[in-house]
Amino acid sequence: MKRIRRKQSGLGMLEIVITIFLVTLGLLVVMSSFVAISKSGRYGERMNVATTLARLEMERIRNQPYAAVQNATGADGEYPDHPGYYHAVQVHETGTVKEVVLQVFFEHGRRRAEMRTYVSNL
């Protein structure tokens, strides 16, 4: 009796290895984008906190008398609700106008939010 050979169809080992490699590569790209999105979101949250603290500090400065507006530097962790944030104020006086530059630092001083305003002696 003669045996009839049937042609076997299916995936070979090489096709399976290539498929696994491509799927793994795709997953790596997706996972790295998730990490980047997560870092960007955390930075945005920190910058939002720094901007809010800068606005509050700027309001405090604007409500001071003209003579009381001067250079100042806060200590790291000066905001109890937000450890790791601190501010620095630089005042440049030109006649009867003071330019106030306020910076709120975070991430160990590597990043900052900055605001400027002018105060006059009327």
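The values are calculated or read from the model by the stated rules, or taken from the named source; none is laboratory data. Since the model is a prediction, treat every value here as computed from it, not as a measurement. All Cβ positions, even for glycine, are placed from backbone atoms using ideal geometry, and neighbour counts span all protein chains on display. Side chains included, ligands, DNA and RNA excluded: accessible areas come from the protein's heavy atoms. Shrake-Rupley method; radii C 1.70, N 1.55, O 1.52, S 1.80 Å.
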Of all accessible heavy-atom area on the chain, the percent that carbon and sulfur account for (1.4 Å) | 58
Cα-based Rg of the chain per 2.2 N^0.38 Å, rounded to two decimals?
-> 2.20
So for Leu11, Leu56, what's the accessible-area order with a 1.4 Å probe, most first?
-> Leu11, Leu56
Most fluctuating residue of Ala75, Ala88, Ala50 in a GNM of the chain with Cα springs under 10 Å: which is it?
-> Ala75
Electrostatic dipole magnitude of the stretch 65-122 [Cβ: Lys, Arg +1; Asp, Glu -1; Cα centre; debye, to 20] | 160
Percent relative contact order of the chain, based on C-alpha pairs within less than 8 angstrom and at least six residues apart?
-> 18
Per residue, accessible area of the chain with a 1.4 Å probe, heavy atoms of protein chains only, in Å², comes to 79
Gap separating the Cα centres of the stretch 63-101 and the stretch 19-43, nearest whole Å = 42
Folded to 0 to 90 degrees: helix 13-62 orientation relative to the chain principal axis, Cα = 10
